[in-house]
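Take a look at the structure set out below.
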């Protein structure tokens, strides 16, 4: 893992939420001045919060689902510009959650999420691998296939 010490370290829990058909929940961000992109649920850890705690909190806030996020299945350390315009060095931990139905509640979204997360949908692995808009992480379909019996 190579980290850039010149950038703020942004610790985040990312949630790969799968429905019974092994479709992944993704959120579309429309940030002014940037092309639209799709990401998994999740977000930055609060001060003093563990990745597991952040995963549980973000799952509830972004999807309305109360569940154990399970074990961490992957870690990535990308550098990117946040939706607020801040360049960061990320430490992202991924958790895989399988749910009983493809239904979520977005009523707990923050003001920023309400403004920028304009859509959500459930993607098949084939759609993730070949979607015309950017999907992050780019290798999400492979991550899911590696950790599920599809």
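Quick look at the numbers
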{"read-out": "Every residue from the range 47-89 that is assigned to a loop (DSSP other than H, G, I, E, B), touching a helix residue (DSSP H, G or I) at 6+ places or on another chain (Cβ under 7 Å) and either more than 15 Å from residue 10 (Cα to Cα) or free of Cβ contacts under 8 Å to residues at least 12 places away in the same chain (or both)", "value": "65, 66, 67, 69"}
{"read-out": "Filter result (in contact with a strand residue (DSSP E or B) (Cβ under 9 Å, 6 or more places away or on another chain) and closer than 23 Å to residue 90 by Cβ) within the range 125-138", "value": "128, 129, 131, 133, 134, 135, 136, 137"}
{"read-out": "Scope the range 39-67; condition farther than 18 Å from residue 110 by Cβ and either buried (at least 18 other Cβ atoms within 10 Å of the Cβ) or in contact with a strand residue (DSSP E or B) (Cβ under 8 Å, 6 or more places away or on another chain) (or both); matching residues", "value": "51, 52, 67"}
{"read-out": "Residue 75 within 13 Å of the chain's Cα centre (by Cα) and within 23 Å of residue 134 (Cβ to Cβ)", "value": "yes"}
{"read-out": "Subset of the range 71-91 that is touching a strand residue (DSSP E or B) at 6+ places or on another chain (Cβ under 6 Å) and under 12 Å from residue 16 (Cα atoms) - its residue that is surrounded by the most Cβ atoms within 10 Å (Cβ to Cβ)", "value": "74"}
{"read-out": "Subset tally (residues that are surrounded by fewer than 16 Cβ atoms within 10 Å (Cβ to Cβ) and over 26 Å from residue 145 (Cβ atoms)) for the range 1-30", "value": "9"}
{"read-out": "Selection from the range 128-143 of residues that are assigned to a helix (DSSP H, G or I) and crowded, with 17+ Cβ neighbours inside 10 Å", "value": "128, 140, 141, 143"}
{"read-out": "Scan of the range 101-125 for residues that are surrounded by fewer than 16 Cβ atoms within 10 Å (Cβ to Cβ), within 13 Å of residue 22 (Cβ to Cβ) and modelled with pLDDT of 95 or more, ordered by number", "value": "124"}
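The values are calculated or read from the model by the stated rules, or taken from the named source; none is laboratory data. Please read these numbers as outputs of a predicted model, since none were measured by experiment. FYI the Cβ positions are ideal-geometry reconstructions off the backbone, even for glycines, and counts take in every protein chain you see.
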